[in-house]
Amino acid sequence: MKNLKYENAIKKLEEIVSKLEKGDLPLEETIKLYDEATKLSGYCTAMLDNAKLKIEELSEKRETSDNE
């Protein structure tokens, strides 16, 4: 999953949610998709957290350089 772009992960997550919402899947498939969705959600959250940290770091560097 490390090579998966954020946008692709979100798209895959949306596809899984759509399948799960239909409610016509066998239990085993539902569990499998739920597990995959949980992993994708965690992956997306981590990517957003990393992006937020990067933006905060860049903002701090800019503020520091602007104050010099």
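Taking each residue of segment 1-17 that is of a type outside the set (A, V, I, L, M) and looking for partners that are outside any loop (DSSP other than H, G, I, E, B) and surrounded by 13 or more Cβ atoms within 10 Å (Cβ to Cβ) with beta-carbon atoms closer than 7 Å, six or more apart or interchain, yields 6/44; 6/47; 12/40.
Just one of 33, 40, 20 is modelled with pLDDT of 95 or more, surrounded by 14 or more Cβ atoms within 10 Å (Cβ to Cβ), of a type in the set (A, V, I, L, M, F, W, C) and within 15 Å of the chain's Cα centre (by Cα); which is it?
On the way: 33 fails: within 15 Å of the chain's Cα centre (by Cα); 20 fails: within 15 Å of the chain's Cα centre (by Cα).
After ruling out the rest, the residue left standing is 40.
All conditions in (1) within 17 Å of residue 51 (Cβ to Cβ); (2) outside any helix (DSSP H, G or I); (3) not polar (S, T, N, Q) hold for residue 9, with the sole exception of (2).
The values are calculated or read from the model by the stated rules, or taken from the named source; none is laboratory data. For clarity, every value in this text was computed on a predicted model and none was experimentally measured. Neighbour counts run over all protein chains shown; Cβ positions are idealised from the backbone, glycine included.
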